[in-house]
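The values are calculated or read from the model by the stated rules, or taken from the named source; none is laboratory data. The model shown is predicted, which means the values in this text are computed figures rather than measured ones. With ideal geometry, Cβ positions are generated from the backbone for all residues, glycine too; neighbour counts draw on all protein chains shown.
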Amino acid sequence: MELDNKKLQVVDWLLKPMMTSNSVYCYDSHQKTMDFKNVGSCVQVVGTELQLYNLFCYMLEKHAWQQQDSYNRIVEDKHKKLYKENNNEALIINLI
């Protein structure tokens, strides 16, 4: 089955929590401490089905993104404008 590369869609990706480093510097003791924390987020992506598939494969490989869930949204004029301004390439909009 081929992925559609013509119809624009908007999808919210709910990402699985990931570990990220968190460092703190104490000026009194002149020590830096490093810890890790869980970070989860939701991003909105705009593009064609094929573009979104390729974007997710890239984000999985480069940033270890994993989806917990996804939700389709209605394509609005603002999404079309952003997509066109991005040279008709898929884009990520940070929601949280």
Which condition breaks for Leu3 when tested against (1) touching a Leu at 6+ places or on another chain (Cβ under 7 Å); (2) modelled with pLDDT of 90 or more? (2)
When only residues in segment 13-43 that are aliphatic (A, V, I, L, M) and surrounded by 10 or more Cβ atoms within 10 Å (Cβ to Cβ) count, which is modelled with the lowest pLDDT? Val39
With the checklist (1) at pLDDT 95 or above; (2) surrounded by fewer than 11 Cβ atoms within 10 Å (Cβ to Cβ); (3) not aromatic (Phe, Trp, Tyr) in hand, flag the one item Gly47 doesn't pass. (2)
